[in-house]
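Q: Below you will find the structure I want to go over with you.
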Amino acid sequence: MTQHTTAMPLGIARKTVEGIHHAFESTFDPLGMSAPLLHAQLAWLAHPQELSDALLKASGSLWALQMHTWKRAMGLPSPDPVKPHEDDNRFADPVWKEAPTWDLIKEWYLILTHHVQDMLYETPGLSQKDRRRAAFWWRKWLNAVAPTNFLLTNPVALRKASETGGASLIQGFQNFLADLEAGNVRMTDPKDFKVGGNLATTPGQVVFRNDLLELIHYTPTRPQIRQMPVLIVTPWINKFYILDLNSKKSMVRYLLDQGLDVFITSWKNPGPEMRDVRFDDYLVRGVQAAVDAARQMSGQDKVHAVGYCIGGTALVTYLAWANRHFAPADVPVAHYSLFTTLVDFHKPGDIEVFIDEASVQYLARNMARTGYLDGAEMASAFRLLRSNSLIWHYVVHGWLYGEHPAPFDVLFWNMDSTRMPYAMHAWYLEQFYLHNRLIQKDVLEVAGELIDLERVVQPVYAVTAEDDHIAPWRQAFRTMNHVDGPKRFVLSSSGHILGIVNPPVQPPKREYRVAPVRRSDTVETWLGKAEAHTGSWWEDWMRWLQPQCGPLVEARPGATEAYPALAPAPGCYVLET
């Protein structure tokens, strides 16, 4: 009896402390910026031996740096004790090495950065997730205070100001004011591009429209086309024209020139009126509606479907749904391709730092007030993942050097953000990212059907990118362990965008590895048999895809009586801001 009455207060106290901790994080630290750093500090204090070893290691580096400082001060040669990472271009100018003063500023900054990062990753008694989050947020602060980001500690900016008689500073201030007016650090000038003008110019017609999407059917460029149409399911997290930037980079134009009949989804940019639109709607009134329209317009029973990023996640979910909803012979997708697609969200990449119970609830509360997640917020989060290259680079070059942002179509597309409906996005974050239910057999119900990825038996061609920080390729590979059927897997060079927007050029700019994959394969076993190639994986994809899409037939009209032209490509939805 005594034990029982003693345990109750302890249990209540523990729950009370946990509740206060959760309430504090939810209210004052919803994105988990400070809590992981506090946990790391407490963990080091609780492990004095490990802390002593770490400080001893740091003192050795500091002594080496002090010797380097003395030598440089006396004009003696001395190799840098700490070197920037290969992809760190902040200190690329020779002045950071040749001038002793600037060399020492650089070295002291780098040694602080490297040791803090190493200690955070090596924190004893801390979960891997908390280590990554602590290191991420501390790295963002260290990136922000880099000497390159401030006029008086950036010798390149000072030199430019001197050479131009201060004109670079005047122009930099004008750039700052323009960015302030835009509410963003601009990566390129929006005036340099126009969707439907010098972007998204491939001829075609909107042949289907509902409240969620427009379906564009492109005009064939050859007199004969493959019998089975290709339907591209684009991500609604961005606008579709990343696959139709210009004639040289356009995947759409390439597919047409290869004799394929191409349809693509262009999703509506949601406003408050779409707050209750669900993921189910995106599957049934989105993917299913587009599949049906492409089939009926082409007169074919099945399509080849392509899914990119979240469009690929939706496509795999749809296929699991369709393989349960229809008889095997009636599934309207014969085979499919996936680009940088996750279905297993156990380790979703750097975006994981924003995903936990508190942050998801915080986002859900904000979306509930407005009815949507503003695209600018999401774009800012993704830019923060690569803050040096996507934020501070443009601050330095624009504000300190006075340079006008160079025209870059991919960056314009990246700035052309879209919104997410409240109901859909809250559900998506909770079910996929937070609880990882898509890979759980018959746990997730979508549009009236329980989802089991093992039911997906259609052949697949899957492409990932080795530098992808949004859909890490090793995690994307796990899709192959969850779906059934014949599989061909590709690892492309570059990242989430340029690994996919990867047209064949001479001389080749990219490379890729490719091999069939069994469901039981691991990353290591697949790498052991993958063949390395220079050039674009698009050519390998065509060797796989063209036979899949059947014999050549006479090219079909861009619009029909049943599916008349509603608007010329790129349509209306893509122009909504």
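Q: Which value results when the Cα radius of gyration for region 488-565 is divided by 2.2 N^0.38 Å?
A: Ratio of Cα Rg to 2.2 N^0.38 Å: 1.49.
Q: For a Förster distance of 30 Å, can you work out the FRET efficiency between the beta-carbons of Glu377 and Gln174, rounded to the nearest 0.05?
A: 0.65
Q: Give me the log10 of I(q) over I(0) for region 91-193 at q = 0.19 Å⁻¹, as the Debye formula computes it from C-alpha points; what are the numbers?
A: Log10 of I(q)/I(0), two decimals: -1.03.
Q: Let me ask another. Ignoring ligands, DNA and RNA, what accessible area per residue does region 389-478 give at 1.4 Å, in Å²?
A: So region 389-478 comes to 38 Å² accessible per residue, rounded to a whole number.
Q: Tabulate in residue order the Karplus-calculated ³J(HN,Hα) for region 337-352, using 6.51 cos²θ - 1.76 cosθ + 1.60 with θ = phi - 60°, rounded to whole Hz; enter x for Gly and Pro.
A: After applying 6.51 cos²θ - 1.76 cosθ + 1.60, I find 10, 10, 10, 6, 10, 9, 10, 9, 9, 4, 10, x, x, 4, 4, 4 Hz.
Q: Further question: Classify region 212-277 from the C-alpha gyration tensor, please: rounded if a/c falls under 1.5, else prolate or oblate depending on whether a/b exceeds b/c.
A: prolate
Q: Can you give the three extents of the C-alpha atoms in region 413-521 along their principal axes, from longest to shortest, in whole Å?
A: For region 413-521, the Cα extents along the three principal axes come out at 50, 38, 19 Å.
Q: Could you pull out every residue, at least 5 positions away or on a different chain, whose amide H is within less than 5 Å of the one on Gly204? Hs are placed 1.01 Å off N in the peptide plane, and Pro or chain starts have none.
A: Thr219, Ala569
Q: May I have the convex hull volume per residue, in Å³, for the Cα set of region 43-130?
A: Normalising the Cα hull of region 43-130 by residue number yields 99 Å³.
Q: Compute the separation of the alpha-carbon centres of region 266-325 and region 425-439 and state it in Å as a whole number.
A: 18 Å
Q: So for each of 399-405, 420-426, 356-362 I average, over its residues, the number of other beta carbons within 10 Å; can you give me the resulting order with the highest mean first?
A: 420-426, 399-405, 356-362
Q: Show the residues, 5+ positions off or on another chain, whose built amide H is closer than 5 Å to the amide H of Ser337.
A: Those qualifying (amide H under 5 Å, at least 5 residues apart or on another chain) are Ala305, Val306, Gly307, Tyr461.
Q: Looking at the square roots a ≥ b ≥ c of the eigenvalues of the Cα gyration tensor of region 165-282, which shape do they give, rounded for a/c under 1.5, prolate if a/b is larger than b/c, or oblate?
A: Since a/c reaches 1.5 but b/c is at least a/b, the shape of region 165-282 is classed as oblate.
Q: Tell me, what HN-Hα J-couplings in whole Hz come from the Karplus equation 6.51 cos²θ - 1.76 cosθ + 1.60 at θ = phi - 60° for each residue of region 208-216, using x for Gly and Pro?
A: 8, 8, 9, 6, 10, 8, 10, 10, 9
Q: Same structure, new question: Report, in debye and to the nearest 20, how large the dipole of region 322-468 comes out about its Cα centre when Lys and Arg carry +1 and Asp and Glu carry -1 on their Cβ.
A: Dipole about the Cα centre, nearest 20: 280 debye.
Q: Say each of Asp257 and Thr164 gets a label point 7 Å from the Cα, pointing the same way as Cα to Cβ; how far apart are those two points in nm?
A: Each label point lies 7 Å from its Cα, and together they span 3.8 nm.
Q: With all pairs of different alpha carbon atoms counted, what Kirkwood hydrodynamic radius in Å does the chain show?
A: 26.5 Å
Q: Now, a different point. How would you classify region 272-395 from its alpha-carbon gyration tensor, with a ≥ b ≥ c the square roots of the eigenvalues: rounded for a/c under 1.5, else prolate if a/b is greater than b/c, otherwise oblate?
A: Here region 272-395 falls in the prolate category.
Q: Continuing with this model, one more query. With a Förster radius of 41 Å, plug the Cβ-Cβ distance of Ala555 and Lys57 into 1/(1 + (r/R0)^6) and report the FRET value to the nearest 0.05.
A: The formula returns an efficiency of 0.05 here.
Q: Might you report the magnitude of the Cβ-based charge dipole of the chain about its Cα centre, with Lys and Arg at +1 and Asp and Glu at -1, to the nearest 20 debye?
A: 440 debye
Q: Could you work out how much longer the chain between Arg139 and Phe326 gets when fully extended? Use 0.36 nm per residue separation minus the Cα distance between them, nm to one decimal.
A: 62.4 nm
Q: Calculate the spin-label point distance for Gln66 paired with Val95, positioning each point 7 Å from the Cα along the beta-carbon direction, and give it in nanometres.
A: In this crude spin-label approximation the distance works out to 3.0 nm.
Q: Follow-up. Which value, in debye to the nearest 20, gives the size of the charge dipole of region 493-569 about its Cα centre, when Lys and Arg are +1 and Asp and Glu are -1 at the Cβ?
A: 160 debye
Q: If you don't mind, there's one more thing I want to ask. What ranking, highest mean first, results for peptides 304-313, 551-560 when packing means the other Cβ atoms within 10 Å averaged over each residue?
A: Those peptides, ordered most packed to least, come out 304-313, 551-560.
Q: Put +1 on the Cβ of each Lys and Arg and -1 on the Cβ of each Asp and Glu in region 446-577; which of Ser520, Asn502, Leu566 then has its Cα farthest toward the positive end of the dipole?
A: About the Cα centre, the residue reaching furthest to the positive side is Ser520.
Q: Measure off 7 Å from each Cα along the Cα-to-Cβ vector at Val457 and Asp292, then give the distance between these two points in nanometres to one decimal.
A: 2.5 nm
Q: Going by alpha carbons, how many degrees (0 to 90, nearest 10) lie between the helix axis of 34-45 and the longest principal axis of the chain?
A: Between helix and principal axis, roughly 50 degrees.
Q: Shifting gears a bit: If you fit an axis through the alpha-carbon atoms of helix 48-73 and take the longest principal axis of the Cα set of the chain, what angle between them do you get, 0 to 90°, nearest 10?
A: 80 degrees
Q: Using a Förster distance of 30 Å, how high is the FRET efficiency between Gln548 and Arg519, based on the Cβ-Cβ distance and rounded to 0.05?
A: 0.90
Q: Okay, next question. For the ranges 540-548, 388-396, 59-67, 489-497, what's the packing order if you count other beta-carbon atoms within 10 Å of each residue, average per peptide, and put the highest first?
A: Sorting 540-548, 388-396, 59-67, 489-497 by mean packing, highest first, produces 489-497, 388-396, 540-548, 59-67.
Q: Want the number for Leu527 to Thr219: 0.36 nm per residue separation, take away the alpha-carbon distance, what's left?
A: 107.0 nm
Q: Determine the gain in length on full extension of the stretch Gln227-Asp118; use 0.36 nm per residue of separation and subtract their C-alpha separation, reporting nm with one decimal.
A: Once the chain is fully extended between Gln227 and Asp118, it gains 33.6 nm.
Q: If you don't mind, there's one more thing I want to ask. For the chain, with the dipole built from +1 on Lys and Arg beta-carbon atoms and -1 on Asp and Glu ones, taken about the Cα centre, which of Leu552, Asn269, Ala471 lies farthest toward the positive end?
A: Leu552
Q: Just to confirm the number: angle between the C-alpha axis of helix 2-28 and the first principal axis of the chain, 0 to 90 degrees, nearest 10?
A: On a 0 to 90 degree scale, this one is about 80.
Q: May I pose another question? Return the sequence-ordered ³J(HN,Hα) values of region 442-452 in whole Hz as given by the Karplus equation 6.51 cos²θ - 1.76 cosθ + 1.60 applied to θ = phi - 60°, using x for Gly and Pro.
A: 6, 9, 8, 9, 10, 6, x, 10, 6, 9, 9
The values are calculated or read from the model by the stated rules, or taken from the named source; none is laboratory data. Keep in mind it's a predicted model, so treat the numbers as computed, not measured. No Cβ is skipped: glycine too gets one built from the backbone with ideal geometry, and neighbour counts run over all protein chains shown. Just the protein is used for accessible areas: all its heavy atoms, side chains included, with ligands, DNA and RNA removed. Shrake-Rupley method; radii C 1.70, N 1.55, O 1.52, S 1.80 Å.
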